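Working notes, beginning with the structure itself.
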Amino acid sequence: MKKTLNAIFLLSGTAIGSGMLSLPIVLAKIGVVPIIFIMLLFCALTYFSALVRVELNLQSDKDNTLGKVGLIFSGPKVAWMGDVSLKILMFSLLAAYLYGLSSIIKSIFLENIALTNVVVAVSALLFLLMVSSPQILLNLNKWTIVALITMVTAVVAMMASHFKLESVVWFTRKATNFGTLTAILPKIYTSFGFQGSIHSLTKMCNNDIKLIKTACLWGSIIPATVYIIWTGSVICLLSAKFPDSLATLMSGGIEVSELVTMLTMTCNWKFVKTLLLAVSLTAITTSIFGVGLCLKDDFNTFFKKSLGMR
């Protein structure tokens, strides 16, 4: 059970990031029903694509990185493209996550300290975590995900008391607009982006196909569920309390900070801003753990195979 939970939380934690807070801004324009349908669709697509990647690893070697898998099945050019693209993506994500995490920590705890110093301190701390035992990372990731889901549940529970179903925007004409869909679909797909952790997953599960499939399934379902509940709750709340604000939200004319301010003002919840910042902090942290563990396994595998070690 412990290994199963670690595997599930590895994937779901990597997928759920701070971008979750911006999903209502991206998706409000299409209505609640299309949001549910699209999230379920991408949940299925994510699960299917994960199984394809898992199968490639199992057919080659559980320790193979994406580049090595590409070399075996498609040749050196594809291997180079896959390996370089994944590394650039992983390092770019880490840089963005580190900056975002440092900014939130500074805004909550260290207002009088320069952001550069906070970034250096956070980077050093995370480096020490990354070179520690993988089990420590997996346990930290598990409890961070639990904290994230608990906080999201608390915020949604407070919102629910103000819902008025008769005022909810269930469907809009933009949901059938090709231009609108092509703009939002890539953003949704990146919200399920845990494929870079498949290599770590197969290694951790020791080729146990049943365990791997379970992890991929729940690793897709948990983010989809969180996204649906969070986005739907924000739309339902604004529909009932601030229709004008919802209209602005649907036009995409606001930033995440403005959305947080709206939610804070809705029912005079003075602590909601801090709670939402904490949600963002924990979401970024779980993504860092997932991406960091993936990079760590990639480099460990590369050096072991380069030195002829197994």
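Need one number: nm distance between label points at Thr190 and Trp143, each 7 Å from Cα along Cα→Cβ, rounded to one decimal.
With each label placed 7 Å out from Cα toward Cβ, I get 3.2 nm.
For Met20, Met81, Met250, what's the largest-to-smallest order of accessible area, 1.4 Å probe?
Greatest to least solvent exposure: Met81, Met250, Met20.
Quick one: helix 115-130 against the long Cα principal axis of the chain, what's the angle to the nearest 10°, folded into 0 to 90?
So the inclination is approximately 50 degrees.
Working out 0.36 nm times the residue gap between Met81 and Leu58, then minus their Cα-Cα distance, what length gain in nm do you get to one decimal?
Here the segment from Met81 to Leu58 would lengthen by 6.2 nm.
When all C-alpha to C-alpha distances in region 95-241 are sorted into bins of 10 Å, what percent of pairs does each bin hold, rounded to whole numbers?
Bin by bin from 0 Å, the calculated values are 9, 23, 33, 25, 10, 0.
If the viscosity is 1.002 mPa s and the temperature 20 °C, what Stokes-Einstein diffusion coefficient in µm²/s follows for region 1-45 when Rh is the Kirkwood radius over Cα pairs?
174
Please list Thr14, Thr150 in order of solvent-accessible area, largest first, computed with a 1.4 Å probe with all protein chains present.
Thr150, Thr14
If the label point is 7 Å along Cα→Cβ of Arg173, which residues in region 17-36 have backbone nitrogen under 16 Å from it?
The answer is 29-31, whose backbone nitrogens lie closer than 16 Å to the label point.
Which entries of Lys2/Lys273; Lys164/Lys273; Lys142/Lys203; Lys29/Lys187; Lys174/Lys213 have Cα-Cα distances beyond 26 Å here?
From Lys2/Lys273; Lys164/Lys273; Lys142/Lys203; Lys29/Lys187; Lys174/Lys213, over 26 Å: Lys2/Lys273; Lys174/Lys213.
Just in region 100-198: which trypsin sites (Lys or Arg not before Pro) are loop by DSSP and have at most 14 other Cβ atoms within 10 Å?
Taking region 100-198 and a limit of 14 other Cβ atoms within 10 Å, the loop trypsin sites (Lys or Arg not before Pro) found are Lys164.
Kindly provide log₁₀ I(q)/I(0) values, in the same order as q = 0.10, 0.12, 0.19 Å⁻¹, from the Debye equation applied to equal alpha-carbon scatterers of region 1-153.
Summing over Cα pairs of region 1-153 leads to -0.53, -0.76, -1.44.
Divide the volume of the convex hull of the Cα atoms of the chain by its number of residues and quote the answer in cubic angstrom per residue.
143
Starting from 0.36 nm per residue, how many nanometres of slack lie between Ile36 and Leu128 once their C-alpha separation is accounted for?
29.1 nm
Quickly estimate the mean residue ellipticity at 222 nm for the chain, helices only: each DSSP H run with n ≥ 4 gives -39500 (n - 2.57), and the total goes over all residues, rounded to 500.
The helix-only estimate for the chain comes to -26500 deg cm²/dmol at 222 nm.
With every protein chain in place, what's the accessible area of Val131 (1.4 Å probe, Å², nearest 10)?
The accessible area of Val131 comes to roughly 90 Å².
Under 14 Å from the Cβ of Thr214, count the other residues' Cβ atoms, weight Lys and Arg +1, Asp and Glu -1, and hand me the total.
Within the 14 Å Cβ shell, the charges total +3.
Sorted by accessible area (1.4 Å probe), largest first, how do Tyr227, Tyr189, Tyr97, Tyr47 line up?
My answer, sorted largest first, is Tyr189, Tyr47, Tyr97, Tyr227.
Across every pair of different alpha-carbon atoms, what Kirkwood hydrodynamic radius in Å does region 140-215 reach?
For region 140-215, the Kirkwood estimate is 16.8 Å.
Jot down the radius of gyration and Dmax of region 183-252, Cα atoms only, both in angstrom.
17.4, 53
Spelling out what I want: for every residue of region 42-58, take phi, set θ = phi - 60°, compute 6.51 cos²θ - 1.76 cosθ + 1.60 (Karplus), and round to whole Hz; glycine and proline get x.
Working through the residues one at a time gives 6, 4, 5, 5, 5, 4, 5, 5, 5, 5, 4, 5, 4, 4, 5, 5, 5 Hz.
What does the accessible area of Leu125 come to, in Å² to the nearest 10, when a probe of 1.4 Å is used?
Counting only protein heavy atoms, Leu125 exposes about 110 Å² to solvent.
If each residue of separation counts as 0.36 nm, what is the full-extension length gain between Leu51 and Lys296 once their alpha-carbon separation is subtracted?
Full extension of this stretch gives 86.0 nm more.
Under the Karplus relation 6.51 cos²θ - 1.76 cosθ + 1.60, θ = phi - 60°, what is the ordered set of whole-Hz ³J(HN,Hα) values for region 32-40, x standing for Gly and Pro?
Each residue of region 32-40 in turn: 5, 4, x, 4, 4, 4, 5, 5, 5 Hz.
The values are calculated or read from the model by the stated rules, or taken from the named source; none is laboratory data. Note that the structure is a prediction, hence the values are computed from the model and not measured. Cβ coordinates were reconstructed from backbone atoms using ideal geometry, including for glycine residues, and neighbour counts include every protein chain displayed. Just the protein is used for accessible areas: all its heavy atoms, side chains included, with ligands, DNA and RNA removed. Shrake-Rupley method; radii C 1.70, N 1.55, O 1.52, S 1.80 Å.
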